[in-house]
Amino acid sequence: MYARLAYYSEITSEFSAEMMHDIVRKSQMNNACHGVTGCLVQHGKYFIQLLEGPRSVLTRLFCAIAKDSRHTNVVLVELRDISAARFPGWNMLNISNQFMPAIQGVLFDPDAFTGSALGHTMEKAARYLEELRSADPKAAAVDAGLAPSVHA
């Protein structure tokens, strides 16, 4: 069964840009092997992530994510069955702080977030990055996480 999982968490103070690149690189490789796609946003002090794939894989993955010491206060926003992926071409799309201001209307309020709102926010960010990549692939690739899946 194919599902979507969404969560947010607070980044620990020890977190660095190098750690983010490592997370994205490893996620892209692992997700490709397990049929998982999705999007990871670092926005201020938060991680916001939406993952899509086989429900059993997402469940195991979320258990590992929740134990990761690079973040705390992990909140599961949504886990539900879906018929189609929102990010079919991305094993792990990374949207960093540098891109968020360019996406008008994207604000993160943990108290008001729902799975649907998270999906819409990430779709808007992904469309913006796709436009960037189409206009200037080299400029868009500056973000180490901005790499389409090997299946795209």
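The values are calculated or read from the model by the stated rules, or taken from the named source; none is laboratory data. No experiment lies behind these values; they were computed from the predicted model shown. Every residue, glycine as well, gets a Cβ built from its backbone with ideal geometry; the counts of neighbours run over all protein chains shown.
Remarks
- Scanning segment 44-54 for residues being buried (at least 16 other Cβ atoms within 10 Å of the Cβ) and of a type in the set (D, E, K, R) gives a total of 1.
- Which numbered condition Leu79 misses (of (1) within 17 Å of His120 (Cα to Cα); (2) within 13 Å of the chain's Cα centre (by Cα)): (2)
- In segment 7-22, of all residues being of a type outside the set (Asp, Glu) and outside any strand (DSSP E or B), the one that is modelled with the highest pLDDT corresponds to Thr12.
For (1) among the aliphatic types (A, V, I, L, M); (2) at pLDDT below 70; (3) in contact with a Phe, Trp or Tyr (Cβ under 7 Å, 6 or more places away or on another chain), each residue gets a yes or a no:
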site	(1), (2), (3)
Ser27	no, no, no
Thr37	no, no, yes
Pro54	no, no, yes
Ala84	yes, no, no
Asn91	no, no, no
Ile95	yes, yes, no
Val106	yes, yes, no
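- Of residues in segment 1-43 being among the hydroxyl-bearing types (Ser, Thr, Tyr) and over 22 Å from Glu123 (Cα atoms), the one surrounded by the most Cβ atoms within 10 Å (Cβ to Cβ): Thr12
- Qualifying residue in segment 23-45 (condition: in a strand (DSSP E or B) and of a type in the set (A, V, I, L, M)): yes
- In summary, Leu79 fulfils each of the numbered conditions (1) over 21 Å from Ser116 (Cβ atoms); (2) touching a strand residue (DSSP E or B) at 6+ places or on another chain (Cβ under 8 Å); (3) among the hydrophobic types (A, V, I, L, M, F, W, C); (4) modelled with pLDDT of 85 or more with the single exception of condition (1).
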